[in-house]
Amino acid sequence: MTEKNSIIAKCEKNIKQLYTQSKKTYRNFLYNIILFIILFAVVIINEIVFKHNLKVKLKVNYVCIAFFIYLIFIFTIIGWFSTEYYYNNLKVFEYDINLKNSQTKIFRIVELNSVRYIFINIVSSFASTLIFSYLIYTTFEEYTSHKIYVEIGILSIHLLLIPAFVKMFETILEIINKYKKLLNHYLTAQFDSLKDLFEDAKFDSNYTHVNFEEYNLKSKHNIFLLCSKTFDEEDKKIIRETNEKILNRYKELWKEYTQLYTIFRQADHKKNKAIIKKLRNVLIIYINIWNDFFIF
């Protein structure tokens, strides 16, 4: 393995270790997708097996309609709040801190978005709506005379889903535009030349943020622990040591980022498309971290 491949593999491994997953959100997402697949299969089997047994077919349709109403409702909620329902985030650091009057765990979470996740929800919502509409028509219009229920049901679903679809497509565009801006901002020659950026890092007087005076940069607030006058010397020492740990953590990540970006810039983008794609995907994760860290 060459040195470049070794660096790429190391960075990929380190990034994977940063991922933190909301098990509950991920589990719910899987349950909904599995339920959709099962219902889709049941509808097809019902149409084939019970084609001439209208009584059984009607009962199965009622059950499927009820479950599809649930799915459409869930996918609509996710459509409106898709950024809050994505199950993967980054945990940059996590430390236990024991002060005299408190024991706590400090960490930094960087929220992520996923176009693929939103797209899956769009496809699932659209397919659920089509199947639901089909079931409504075949159940109420073909077997009964209550046509008004058909129209009300279909209209209600359309009114419910149209804004959600619009919102999901807007979210996808926002994510794409955001990453374009981030890539244009960070993947430039200036960041390739800032390998020693964190050597210039100096804490503010109360440790509210870090200044990079030579480069006219500073970090965001609430990343480091505030060291106020109310703490005694022992607590202040613990806070300072913890802040140094946090800063060193970002130093390590910056070193990885600049190494990876140097490889990205030096690579032949026409001949090494697979490697470039891999590098870009990993760099985007680092860029999310720096977008959360710096104030520009």
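The values are calculated or read from the model by the stated rules, or taken from the named source; none is laboratory data. Values in this document were obtained by computation on a predicted structure and should not be read as measured data. Ideal geometry is used to build each Cβ from the backbone, glycine not excepted, and the neighbour counts take in all protein chains shown.
The figures follow:
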quantity: Subset of region 213-237 (residues that are modelled with pLDDT of 90 or more, more than 18 Å from Lys105 (Cα to Cα) and surrounded by 16 or more Cβ atoms within 10 Å (Cβ to Cβ)); calculated: Lys218, Ser219
quantity: Set Ile97, Ile78, Ile106: member being touching a Phe, Trp or Tyr at 6+ places or on another chain (Cβ under 6 Å), outside the structural domain of Lys167 (by TED's automatic domain parsing) and among the aliphatic types (A, V, I, L, M); calculated: Ile106
quantity: Any hit, region 69-91, residues being part of a loop (DSSP other than H, G, I, E, B) and either more than 13 Å from the chain's Cα centre (by Cα) or surrounded by 17 or more Cβ atoms within 10 Å (Cβ to Cβ) (or both); calculated: yes
quantity: Residue that is of a type in the set (Phe, Trp, Tyr) and out of contact with any Lys or Arg (no Cβ under 6 Å at 6 or more places or on another chain), where the choices are Phe40, Phe50; calculated: Phe40
quantity: Region 72-96: number of residues that are modelled with pLDDT of 90 or more and either in contact with a His (Cβ under 9 Å, 6 or more places away or on another chain) or not polar (S, T, N, Q) (or both); calculated: 7
quantity: In region 232-248, the residues that are of a type in the set (Val, Ile, Thr) and more than 32 Å from the chain's Cα centre (by Cα); calculated: Ile238
quantity: Filtered residue count, region 192-212, keeping only those that are in contact with a helix residue (DSSP H, G or I) (Cβ under 8 Å, 6 or more places away or on another chain) and not in a helix (DSSP H, G or I); calculated: 8
